[in-house]
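Chemist: First, the structure itself, so that you have it in front of you.
The values are calculated or read from the model by the stated rules, or taken from the named source; none is laboratory data. Since the model is a prediction, treat every value here as computed from it, not as a measurement. Quick reminder, even Gly has a Cβ in these numbers, built from the backbone with ideal geometry, and neighbours come from all protein chains shown.
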Amino acid sequence: MKAHRAWLLAVTVLLAPAAALAEKCSLDNVPAATVLLPYFEVDLDHPNGKTTLFSLNNASATAVVTNVVVWTDLGVPTLSFPVYLTGYDVQTFNLRDLFNGALPQTASRGQDPQDLLSPKGTYSQDVNFASCTGILPLPPLPASFVAHLRAAHTGKASAILGGCAGQDLGDGLARGYVTVDTVNSCTLRNPTFVSGYFGPGGVATDQNVLWGDFMYVDPANSYADGEDLVRIEAFPGGFKPGEATFYGRYVNGSGIDDREPLATTWATRYANGSAFPTGTDLIVWRESGRTVNPFACGTTPFGFPLLAGGARVFDEQEQSTSTPLFPCAPTCPQPYPPLDAFPAEANRVHLGGASFPLPFQFGWIYLNLSPPVSNPVPFLQSWVGTVMKAQGKFSVGFGATPLDSACEPISFVP
Amino acid sequence: MGRTLTLPWKHALSRCLVALALAVFAAAPAAAAAVGCSVDDRPGATLLLPYFEVDLTHADGPTTLFSVSNASATAVLTNVVLWTDLGVPTFTFPVYLTGYDVQTFNLRDLFAGSVAKTATAGQDPSDTISPKGIFSQDIPFASCAGFLPPADLTPAVRDHLRAAHTGQSSAIWGACGGQSKGDGIARGYVTVDTVSRCTNLVPGDPGYFGPGGVATSQNVLWGDFFYVDPAKVYADGENLIRLKADPAFFAGKRTFYGRYVNGSGADGRQPLAPDWAARFLASGAFTEGTDLIVWRDSGMVTKPFPCGLKPSWYPLIMSSYVAFDEDENPAIPPTFPVSLRFSGEKAQPPQPLADQLPAEANRFQVGRENFPVPYDFGWIFLYFGGYFGEPFNPLQGWVGTVMKAGGRFSVGFGATPLSTGCAPDPEILP
């Protein structure tokens with residue numbers, strides 16, 4: 001009898017809509033309409049070097065189309081492609097494949113009538129998206145586009161963009177971030193399009209069904225750490241003009257993207273010794289507050305480097321040091337921590353290194369990443385993760401602690 | 001022309017800024033944000049370490065570390081409670097945190113008899129135990145005289161802890177409190193609550209929650225935990241689960257400590273979700289597969305029990321469990337007569353029974369032990385529920401995932417809650 005009940009409950013639960021009880025502006029891990037991979041890195045010079053994996057999952061029985069957008073670390077979109085997910089589907093990605101020209105192979109029922117590319121299970125919907133004909137399954141990227149991707153994400157000149165799009169840190173690592181939105185049709189648009197992406201008639205939908213995780217893997221050094229993809233829930237009509245939303249910079253602060261914003265202020269621990277002699281890296285995604293276009297190589301786009309609103313570094317006895325709170329005369333000490341320690345939209349910064357020296361071995365950092373800005377984006381949102389590493393042994397990654405939401409920013413540094 | 005601030009100016013300004021900062025923060029603490037049912041990583045009034053393990057027979061074996069931090073400038077007192085994997089409280093001790101304080105713990109130390117040393121200004125006037133920074137408050141809690149700094153454990157208490165958390169008979173209780181797996185590993189979970197005074201009480205005792213109770217609703221705690229296995233060179237971690245408090249909002253509703261307050265909501269803590277999705281890998285780069293860390297609510301107050309027996313609710317069962325492969329083929333517990341759904345090359349494998357996560361704090365390897373799945377890759381849907389008919393049906397839980405590559409690395413992260421614990425869909429209640 002119990003087994004019967006369990007089976008019935010399973011079916012009932014699976015038919016229930018996911019995330020029906022979402023709460024606006026909470027930063028929880030329930031499935032969402034947009035997921036963010038806040039930072040990726042792929043070592044293009046070493047096939048056995050660092051790479052980034054992520055998975056994309058559909059929490060509902062209903063098939064969905066998603067739009068994957070790859071952005072440089074300075075926030076220039078370089079590639080977008082649709083991924084079709086049957087009900088309860090899982091699609092995994094190794095970004096190294098992408099930089100070798102291979103795109104994930106999915107197709108809706110119309111393009112895959114024999115279910116060879118996107119098979120489905122007993123409880124999963126598989127439908128036809130006619131708009132995907134001619135787009136799915138995705139062909140391999142042509143060599144010229146692969147060259148563009150590799151250049152754009154390493155800060156080199158892209159022939160397709162006619163300029164540069166990212167930081168050139170000179171280490172052969174492709175860097176950037178990824179967003180994935182639920183959409184109602186296969187599209188070549190991305191969130192920077194002024195029309196046709198969000199709002200009435202736009203392709204973006206408010207289906208809060210996406211979840212997934214990401215992993216940074218360094219096979220040569222036997223490191224791996226990971227975290228949940230950042231879930232950004234949609235609330236149809238939930239945001240008024242002038243209120244912060246995740247894509248607010250692309251919709252002129254109108255709120256029509258319906259996506260909740262992230263936080264502005266974070267707390268994160270660091271360890272730079274003892275069991276973690278290799279120290280701590282911070283993964284920081286932050287918005288610039290503006291649409292970033294390709295720029296002339298050798299220059300920096302307007303608004304960069306991004307500055308912090310303020311920061312304070314504590315040791316475990318709460319001794320602290322911080323950025324100054326007032327304009328400082330030339331005799332004042334160098335600002336600490338440096339206000340431009342996280343200059344890009346997608347950053348990985350080693351604490352204790354040149355860009356973020358640490359005065360203490362252990363402690364935590366209070367980090368406000370929203371310097372004063374003007375409309376239409378009232379506050380600059382961000383996400384922070386922490387990776388602690390022990391040389392040649394292990395690394396541990398987890399999200400930092402948000403102290404607010406951009407819906408109710410606290411704009412405070414102790 | 002700019003003016004260089006002189007030292008007195010700087011000091012005066014610094015003092016002003018400190019005062020201003022303290023005033024602003026005190027006026028706008030994290031607790032000012034609305035508390036709803038969604039459990040996120042913002043600071044809370046209760047922290048949950050959902051599962052711990054300490055190998056008591058191997059000094060370089062697995063252990064569990066965690067940290068507790070105070071996000072506010074205001075000093076706070078916390079009550080740390082150790083529970084066995086079956087939910088029996090074994091030990092409690094106060095931890096005092098000055099403003100912005102961090103306190104780290106290695107649970108191996110506790111099982112060796114060493115208790116974390118903190119003390120309020122009253123017990124530590126020279127600030128040698130709990131020092132503070134210039135932005136941090138440090139105040140006396142008179143109730144902590146005699147409690148702080150805590151003495152190390154007597155051998156009798158230490159032995160009690162080691163026995164209770166390995167499922168052996170505790171001499172102090174004359175009874176057992178946890179599962180005995182015979183591997184010398186101490187298991188359980190930890191809660192940390194903000195409180196108004198030092199106390200020996202634990203959740204469930206009169207005077208802990210509610211009017212005049214010691215528990216407070218200061219949403220200021222954050223922290224993380226690590227599972228470290230030095231011998232195998234594994235480490236993975238995650239944020240402690242932060243449960244925010246709002247007694248007014250949660251009055252009469254489901255809450256985290258509902259089983260200890262007769263469902264009144266007097267604890268005011270957010271409940272956890274009943275339904276979860278977790279990916280698993282049992283092949284490829286992750287040669288040692290995937291472990292699930294599962295904390296769940298028995299719905300009952302559990303007391304020590306005669307060794308050889310178990311609490312009345314044991315084992316906990318799951319209302320539903322479905323494993324999907326990456327092509328969304330589902331595997332669910334068999335109905336009767338046994339289904340031949342998985343005929344042919346994938347003949348129906350042994351199916352997980354509904355009691356595979358029987359305790360309140362569990363760690364199980366997916367695909368092995370008692371948790372077989374017919375696939376190497378995929379995801380698992382878990383729905384916690386019970387058949388006890390309690391007024392606060394034991395639905396809530398928390399799930400984490402640990403993926404391991406033999407001798408190389410492990411990756412840990414939280415699973416995905418599919419709803420909140422406030423109002424589980426009544427359609428799926430038993």
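Chemist: Inspect all residues belonging to segment A:214-236 and state whether any of them is more than 30 Å from A:Gln361 (Cα to Cα), surrounded by fewer than 23 Cβ atoms within 10 Å (Cβ to Cβ) and small (Gly, Ala, Ser). Give the steps one after another, and end with the answer.
Modeler: To start, the set of residues in segment A:214-236 that are more than 30 Å from A:Gln361 (Cα to Cα) comprises A:231-236.
Within this subset, residues satisfying the condition of being surrounded by fewer than 23 Cβ atoms within 10 Å (Cβ to Cβ) are A:235-236.
Next, only the ones that are small (Gly, Ala, Ser) stay: none.
No, segment A:214-236 has no match at all.
Chemist: Does B:Pro337 fit the bill of being at pLDDT below 60 and away from chain A (no Cβ under 13 Å)? Show your work before the answer.
Modeler: Numbers: at pLDDT below 60: yes; away from chain A (no Cβ under 13 Å): no.
For B:Pro337, the condition - at pLDDT below 60 and away from chain A (no Cβ under 13 Å) - is not met.
Chemist: Does B:Ala235 satisfy the condition of being more than 14 Å from every other protein chain (Cβ to nearest Cβ), crowded, with 24+ Cβ neighbours inside 10 Å and touching a residue at least 40 places away in the same chain (Cβ under 8 Å)?
Modeler: On the way: more than 14 Å from every other protein chain (Cβ to nearest Cβ): no; crowded, with 24+ Cβ neighbours inside 10 Å: yes; touching a residue at least 40 places away in the same chain (Cβ under 8 Å): yes.
Spelling it out, it is not the case that B:Ala235 is more than 14 Å from every other protein chain (Cβ to nearest Cβ), crowded, with 24+ Cβ neighbours inside 10 Å and touching a residue at least 40 places away in the same chain (Cβ under 8 Å).
Chemist: Follow-up question, since we're still on this one. When the residues of segment B:306-323 are filtered to those that are small (Gly, Ala, Ser) and in a loop (DSSP other than H, G, I, E, B), which remaining residue is farthest from B:Gln179 (Cα to Cα)?
Modeler: The qualifying residue farthest from B:Gln179 (Cα to Cα) is B:Ser312.
Chemist: Residue check, A:Gly201 against (1) surrounded by 19 or more Cβ atoms within 10 Å (Cβ to Cβ); (2) at pLDDT below 95; (3) among the small types (Gly, Ala, Ser), all met but one. Which one?
Modeler: (1)
Chemist: So, one more: State which residue is nearest to the chain's Cα centre (by Cα) when the search covers only segment A:357-385 and only residues that are away from every other protein chain (no Cβ under 13 Å) and modelled with pLDDT of 90 or more.
Modeler: Within segment A:357-385, the subset away from every other protein chain (no Cβ under 13 Å) is A:357-358, A:369-382.
Still in the running and modelled with pLDDT of 90 or more: A:369-370, A:380-382.
Numbers: A:Leu369: 16, A:Ser370: 17, A:Leu380: 15, A:Gln381: 12, A:Ser382: 10 Å.
In this case the residue turns out to be A:Ser382.
Okay, residues lined up against (1) assigned to a strand (DSSP E or B); (2) over 29 Å from A:Val230 (Cα atoms); (3) more than 14 Å from chain A (Cβ to nearest Cβ); (4) touching a helix residue (DSSP H, G or I) at 6+ places or on another chain (Cβ under 6 Å):
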| residue | (1), (2), (3), (4) |
| --- | --- |
| B:Arg42 | no, no, no, no |
| B:Leu48 | yes, no, yes, no |
| B:Val54 | yes, yes, yes, yes |
| B:Ala59 | no, yes, yes, no |
| B:Ser67 | yes, no, no, no |
| B:Thr78 | yes, yes, yes, no |
| B:Leu82 | yes, yes, yes, no |
| B:Tyr96 | yes, yes, no, no |
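Chemist: Across segment B:110-148, what is the number of residues that are away from every other protein chain (no Cβ under 14 Å) and under 24 Å from the mean Cα position of the chain (by Cα)?
Modeler: Here the count works out to 8.
Chemist: Which of the residues belonging to segment A:182-221 are outside any loop (DSSP other than H, G, I, E, B), among the small types (Gly, Ala, Ser) and within 14 Å of chain B (Cβ to nearest Cβ)?
Modeler: Our first condition is that a residue be outside any loop (DSSP other than H, G, I, E, B); within segment A:182-221, this holds for A:182-183, A:204, A:210-211, A:213-221.
Keeping just the survivors that are among the small types (Gly, Ala, Ser) gives A:204, A:220.
Result: A:Ala220, single match.
Chemist: When only residues in segment A:81-100 that are surrounded by fewer than 24 Cβ atoms within 10 Å (Cβ to Cβ) and charged (D, E, K, R) count, which is farthest from the chain's Cα centre (by Cα)?
Modeler: A:Asp97
Chemist: In segment A:255-271, what count of residues is obtained for those that are among the aromatic types (Phe, Trp, Tyr) and either touching a Cys at 6+ places or on another chain (Cβ under 6 Å) or at pLDDT 95 or above (or both)? It would help to see each step written out before you state the result.
Modeler: Residues of segment A:255-271 that are among the aromatic types (Phe, Trp, Tyr), as a first pass: A:266, A:270.
Cutting the leftovers down to either touching a Cys at 6+ places or on another chain (Cβ under 6 Å) or at pLDDT 95 or above (or both) gives us A:266.
Here the count works out to 1.
Chemist: Examine segment A:118-132 for a residue that is within 17 Å of A:Phe81 (Cα to Cα), more than 14 Å from chain B (Cβ to nearest Cβ) and touching a helix residue (DSSP H, G or I) at 6+ places or on another chain (Cβ under 8 Å), and state whether such a residue exists. Walk me through how you get there before you give the answer.
Modeler: We begin by selecting, within segment A:118-132, every residue within 17 Å of A:Phe81 (Cα to Cα); these are A:118, A:129-132.
This time we only want the ones that are more than 14 Å from chain B (Cβ to nearest Cβ), so: A:129-132.
With touching a helix residue (DSSP H, G or I) at 6+ places or on another chain (Cβ under 8 Å) added as a condition, the list becomes none.
No: zero hits.
Chemist: Any idea which of B:Lys132, B:Lys117 is at pLDDT below 95 and basic (Lys, Arg)? Steps first, answer last, please.
Modeler: Numbers: B:Lys117 fails: at pLDDT below 95.
Only one candidate passes the filter, namely B:Lys132.
Chemist: Enumerate the pairs (first residue in segment B:135-156 and free of Cβ contacts under 8 Å to residues at least 12 places away in the same chain; second residue anywhere and surrounded by fewer than 20 Cβ atoms within 10 Å (Cβ to Cβ) and assigned to a strand (DSSP E or B)) with beta-carbon separation below 9 Å, excluding pairs fewer than 6 apart on the same chain, so at least 6 apart or on different chains.
Modeler: Cβ pairs passing all conditions: none.
Chemist: Okay, moving on. With the requirement that a residue be in contact with a strand residue (DSSP E or B) (Cβ under 7 Å, 6 or more places away or on another chain) and either surrounded by fewer than 22 Cβ atoms within 10 Å (Cβ to Cβ) or among the polar types (S, T, N, Q) (or both), what does segment A:277-300 give you?
Modeler: Passing the criteria: A:Pro277, A:Thr278, A:Gly279, A:Thr280, A:Pro294, A:Phe295, A:Ala296, A:Cys297.
Chemist: Okay, next question. Please go through (1) within 14 Å of another protein chain (Cβ to nearest Cβ); (2) farther than 21 Å from B:Val402 by Cβ; (3) modelled with pLDDT of 70 or more for B:Trp313 and return the number of the only condition it doesn't satisfy.
Modeler: That leaves (1) as the condition not met.
Chemist: Does any residue in segment B:302-322 that is closer than 10 Å to B:Tyr383 by Cα come within less than 8 Å, Cβ to Cβ, of a residue that is β-branched (Val, Ile, Thr) and buried (at least 16 other Cβ atoms within 10 Å of the Cβ) six or more places away or on a different chain, and which pairs are these?
Modeler: So the pair list comes out as B:Ser319/A:Val13; B:Ser319/B:Ile428; B:Ser320/A:Val13; B:Ser320/B:Ile332; B:Tyr321/B:Ile332; B:Tyr321/B:Ile380; B:Val322/B:Ile332; B:Val322/B:Ile380.
Chemist: Take B:Phe256 and decide whether it is away from every other protein chain (no Cβ under 14 Å), buried (at least 18 other Cβ atoms within 10 Å of the Cβ), under 16 Å from the mean Cα position of the chain (by Cα) and in a loop (DSSP other than H, G, I, E, B).
Modeler: So B:Phe256 fits the description; yes.
Chemist: Turning to a different aspect of this structure: How many of the residues in segment B:120-178 are under 20 Å from B:Ser196 (Cα atoms) and among the charged types (D, E, K, R)?
Modeler: Residues flagged as under 20 Å from B:Ser196 (Cα atoms) and among the charged types (D, E, K, R) within segment B:120-178 amount to 3.
Chemist: Restricting attention to segment B:28-39, does a residue exist that is modelled with pLDDT under 95 and under 15 Å from the mean Cα position of the chain (by Cα)?
Modeler: The initial filter retains those residues of segment B:28-39 that are modelled with pLDDT under 95, namely B:28-39.
Subset that is under 15 Å from the mean Cα position of the chain (by Cα): B:39.
For segment B:28-39, residues modelled with pLDDT under 95 and under 15 Å from the mean Cα position of the chain (by Cα): present.
Chemist: Now for a different question. Scanning for something under 28 Å from B:Ala175 (Cβ atoms), among the hydrophobic types (A, V, I, L, M, F, W, C) and at pLDDT 95 or above, does segment B:61-77 turn up at least one residue? Don't jump to the end; show me each part of the working.
Modeler: Start the filter on segment B:61-77 by keeping residues that are under 28 Å from B:Ala175 (Cβ atoms), which leaves B:61-64, B:66.
This time we only want the ones that are among the hydrophobic types (A, V, I, L, M, F, W, C), so: B:66.
Narrowing the set further to residues that are at pLDDT 95 or above leaves B:66.
For segment B:61-77, residues under 28 Å from B:Ala175 (Cβ atoms), among the hydrophobic types (A, V, I, L, M, F, W, C) and at pLDDT 95 or above: present.
Chemist: Modelled with pLDDT under 85 and in contact with a helix residue (DSSP H, G or I) (Cβ under 8 Å, 6 or more places away or on another chain) - does that describe any residue in segment B:393-414?
Modeler: Yes: segment B:393-414 contains one or more residues that are modelled with pLDDT under 85 and in contact with a helix residue (DSSP H, G or I) (Cβ under 8 Å, 6 or more places away or on another chain).
Chemist: Still on this model: For B:Leu161, work out the one condition from (1) more than 30 Å from B:Gly99 (Cβ to Cβ); (2) of a type outside the set (Val, Ile, Thr); (3) part of a loop (DSSP other than H, G, I, E, B) it doesn't fulfil.
Modeler: Among (1) more than 30 Å from B:Gly99 (Cβ to Cβ); (2) of a type outside the set (Val, Ile, Thr); (3) part of a loop (DSSP other than H, G, I, E, B), the lone unmet condition for B:Leu161 is (3).
Chemist: Output the number of the condition that B:Leu153 fails; it satisfies all remaining conditions of (1) within 11 Å of chain A (Cβ to nearest Cβ); (2) modelled with pLDDT of 95 or more; (3) touching a helix residue (DSSP H, G or I) at 6+ places or on another chain (Cβ under 8 Å).
Modeler: Evaluating B:Leu153 over (1) within 11 Å of chain A (Cβ to nearest Cβ); (2) modelled with pLDDT of 95 or more; (3) touching a helix residue (DSSP H, G or I) at 6+ places or on another chain (Cβ under 8 Å) leaves (1) as the failure.
Chemist: So which residues in segment A:236-271 are within 14 Å of chain B (Cβ to nearest Cβ), among the aromatic types (Phe, Trp, Tyr) and either part of a loop (DSSP other than H, G, I, E, B) or more than 20 Å from B:Ser38 (Cα to Cα) (or both), if there are any at all?
Modeler: Of everything in segment A:236-271, just one residue is within 14 Å of chain B (Cβ to nearest Cβ), among the aromatic types (Phe, Trp, Tyr) and either part of a loop (DSSP other than H, G, I, E, B) or more than 20 Å from B:Ser38 (Cα to Cα) (or both), namely A:Tyr270.
Conditions (1) buried (at least 19 other Cβ atoms within 10 Å of the Cβ); (2) in a loop (DSSP other than H, G, I, E, B); (3) of a type in the set (A, V, I, L, M); (4) within 14 Å of another protein chain (Cβ to nearest Cβ), marked per residue:
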site: A:Leu79; (1), (2), (3), (4): yes, no, yes, no
site: A:Ala102; (1), (2), (3), (4): no, yes, yes, no
site: A:Gln105; (1), (2), (3), (4): no, yes, no, yes
site: A:Gly110; (1), (2), (3), (4): no, yes, no, no
site: A:Pro113; (1), (2), (3), (4): no, yes, no, no
site: A:Leu116; (1), (2), (3), (4): no, yes, yes, yes
